[in-house]
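The block underneath contains the structure these notes are about, expressed in structure tokens.
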Amino acid sequence: MGHPSQWKNKQIREHIDVIEGKISPTVLLKDATYLHSGFKKWIKGHIWIYEDRIIYAGPTLPENTEECEMIDCEKLTIVPGYIEPHVHPFQLYNPHSFAQYASKTGTTTLINDNLMFFLLNNKKKAFSLLDSYKHLPVSMFWWCRFDSQSEMENEEKIFSLEAVKTWLKRDDVIQGGELTSWPRLVQGDDMILQWIQETKKLREKSRRAFSRCI
Ligand SMILES: [Zn+2]
């Protein structure tokens, strides 16, 4: 499912039109038993989906079903997409193929390591790839490395404060780490300590921005 910021005003108005019966949902999951993430209970009802968003879940059926694919879910149990909070998506696969594989068994939110993109691409290319993942039917988030997996030559130049900060400013970069060189931090490396503070500062900012949005 998409990120809230991806829905433009026009789309949000269409979502309301679906509720009001002016447009039909794209997909209707009929007579489903689903796990309600708010109530934390199994509920019986119908789920209306319009394009990439759940518009409604509850006892009411839509009046307008002109262009709606109806799926009988009477014998099915439906849960929200699972979250995998720690992915290294560059082993025998790439972030796209990993997400495709995971989504087949219900994991649709992934928090990924950015190491390969940090090392291999210039920022512009890496960021345009990250942006392209926003069009996939999964939610992709990232953590930003402060160091490499094993010691490298010129490590301070590659993981410069400027480069790390540019990554941390993105909405889909939600963590700092993972910290392989934590012994350096313990031994008094102030650069790493500064990055940790920087991450905290930026995340605080984004949290505040979110609370204003609600
Ligand atoms: Zn790891």
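Readers should treat all values here as calculations from the given coordinates under stated rules, not as data from a laboratory. Please read all numbers here as calculations on a predicted model, not as lab measurements. Positions of Cβ are generated from backbone atoms using ideal geometry, with glycine treated the same way; all protein chains shown enter the neighbour counts.
So here's what we get for this one:
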{"read-out": "Net charge of Cβ neighbours under 13 Å - reference residue 90; Lys, Arg +1; Asp, Glu -1", "value": "0"}
{"read-out": "Gained length - residue 136 relative to residue 182, 0.36 nm times residue gap less alpha-carbon distance", "value": "13.1 nm"}
{"read-out": "Calculated [θ] (222 nm, deg cm²/dmol) that DSSP helices of n ≥ 4 give over the chain, each run adding -39,500 (n - 2.57)", "value": "-11000 deg cm²/dmol"}
{"read-out": "Debye, to nearest 20: dipole size of region 27-165, +1 on Lys, Arg Cβ, -1 on Asp, Glu Cβ", "value": "220 debye"}
{"read-out": "Gain in span if fully extended, residue 124 to residue 86, counting 0.36 nm per residue against the direct Cα distance", "value": "11.2 nm"}
{"read-out": "Bridge type composition, the chain - antiparallel percent by DSSP, nearest 5", "value": "40 percent"}
{"read-out": "For the chain, alpha-carbon Rg and Dmax in angstrom", "value": "21.0, 66"}
{"read-out": "Radius 10 Å from Cβ of residue 145, net charge of other residues (Lys, Arg +1; Asp, Glu -1)", "value": "-3"}
